[in-house]
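This report refers to the structure that appears directly beneath it.
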Amino acid sequence: MTTESNLNFEDVVSAYYQPLYRFGYSLAKNEHEAGDLAQQTFFIYAEKGSSLRDKSKVKSWLFTTLYREFLRRRRKDARMDSYEPEMLESAGGSVEPHVRRTMDGNLAVEALEEVDAVYREPLNLFYLKDLSYKKIAEILDVPIGTIMSRLSRGKAQLREIFKRKEAETWDNTL
Amino acid sequence: MDREEAKNILQLCRPGNDEDRNDPLIAEALELLNNDATLQTWFEEQQALDTQISAALHHIEPPADLKTSILVGMRAHQAQSELLMGNAAEEDEATDHSIPFPRRANSADRRSWFKPWMGVAALIAVVFAILVLPRPDESTRLASANQHVATASVPNLIEFLAQQINEFNGSKFDKRSEQINELQSHLASTGMPNPASIPSQLGELATLGCVTFDYEGTKLSMICFKNGQVYHLITANKASFPKDCTPCDGQKTKVFEAKQQAFKIWAEGEQVFILTTQGTAEDIPDFI
């Protein structure tokens, strides 16, 4: 059993800031917002994490918190959407070009972008490897059976998109 | 478990992930691979794709200073918390670089002598609030420009505008443009109130569009600005503007809150302006 007195905040940040940033990035598609989401998540952890006594739950707690914070922001953005739908699109739109250039496997990332949103979130968490499908179900607050089904369908969709993109890339290089 | 069921389950198994392989359901499906070459081939293809996608996602690197930025932010927050609590000197865990959880103001380890007085003070405050203070209607608050909050009924015009804004959507714009000049030209051409001056900081923001209202003979024009949040500048002619909305003598501005909207009103020349946004009076930026 771990208590707040022996939870080392710096260790927690060191262990999880990278996967949290990646998850934030996969949701927001924006470097700045991903960094901000990670920072805000640790801030909330510092404020409320003292109630978390089981250290083994820190990881899923952090991912859940980041996901909820992302949803909270999107709900706020949605209020603006009634004025200008394109603002919301640009707020969480495409992968930033300069980030795309730094990635070796940008084809895979672009393919993930095209997967239906309902499948994209569990798929992103799945490929980040840090969480089991049971934990993913907890974070997204859906039953395990639903997560299994979404991962299965999402992967099938991803596979088709990936093959198409590979073919397109090949055509363009000819 | 048949092949199709196994496929569904095996998709949950990530390459090189022991936790997945130890899951009883996945372990059972993995057993089938030994006796089913087709399933084995399918699984290997899946694993190859999973490896490729997972590697791509792990190429997303956080900014180099993110960790430092998080830790510095938390240290600053902790320092502020301790300052507010007034017991920073008594903290004994500040001997290393680890960051403990900031303690809350009502934390159980506050100085013991302080507790009874806090309780008495809180009790007095509650009794005072119940017996002495008037009870405002929560939906209607009036804040004067110097931030003193008083209670008053919200004028009908403000209620009307709050309703219009809450029900508003982009399709209702009379004209849409990101250029304020185009919107002002449109208002001028239709004979509706056209702001003679726009607060400089507000004028720097991109616009969304404009729309006009008629409230019991008072013509109002509204230009919407965007800056992370949507702001509306409403203009009317002072002569026809209801007196209960305009700032009193000695006041430059008047602030109302209604239907989750905040309204700041001021007069300039022959015109009255209202700057409004979603939220409370604190959400209205200091544009004026």
If you take the beta carbon distance between B:ASN237 and A:ARG75 as r and set R0 to 25 Å, what does 1/(1 + (r/R0)^6) give as a FRET efficiency, to the nearest 0.05? 0.05
Could you tell me whether region B:177-288 comes out rounded, prolate or oblate from its Cα gyration tensor? Rule is a ≥ b ≥ c as square roots of the eigenvalues, rounded for a/c under 1.5, then prolate if a/b exceeds b/c, otherwise oblate. oblate
The local net charge around B:ASN156, scoring Lys/Arg +1 and Asp/Glu -1 for residues other than B:ASN156 whose Cβ lies under 11 Å from its Cβ, equals -3
Residues meeting the amide H criterion for B:GLN271 (H placed from the backbone, H to H distance under 5 Å, 5 or more places apart or on another chain) are B:LYS238
Sorted by chain and number, the residues with a modelled amide H under 5 Å from that of B:PHE225, at a separation of 5 or more or across chains, are B:LEU208, B:TYR231, B:HIS232, B:LEU233
From the cross-link list B:LYS175/B:LYS252; A:LYS29/B:LYS67; A:LYS59/B:LYS7, which pairs have alpha carbons spaced over 26 Å apart? B:LYS175/B:LYS252; A:LYS59/B:LYS7
Determine the shape class of region B:3-57: with a ≥ b ≥ c the square roots of the Cα gyration tensor eigenvalues, call it rounded for a/c under 1.5, and otherwise prolate if a/b is greater than b/c, oblate otherwise. oblate
Taking the alpha-carbon centroid of each part, what is the distance from region B:1-53 to region B:157-233 in angstrom? 59 Å
What full-extension length gain, to one decimal in nm, is calculated for B:ALA196 and B:GLN163 as 0.36 nm per residue of separation minus the Cα-Cα distance? 9.3 nm
Report D for region A:105-174 in µm² per second (integer): Stokes-Einstein, Kirkwood Rh on Cα pairs, 10 °C, 1.306 mPa s. 125 µm²/s
Over region A:105-174, what is the relative contact order in whole percent, taking alpha-carbon pairs under 8 Å and six or more residues apart? 41 percent
With a Förster distance of 25 angstrom and the Cβ-Cβ distance between B:ALA76 and B:ASP286, calculated FRET efficiency to the nearest 0.05 equals 0.55
Which FRET efficiency value, to the nearest 0.05, is calculated for B:THR41 and A:VAL142 with the Förster distance at 30 angstrom and r the Cβ-Cβ distance? 0.45
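FYI, it's all coordinate maths here, none of it is from the lab. Quick caveat, the model's predicted, so the values are computed rather than measured. So basically every Cβ, Gly included, is an ideal-geometry build from the backbone, and we count neighbours across all protein chains shown.
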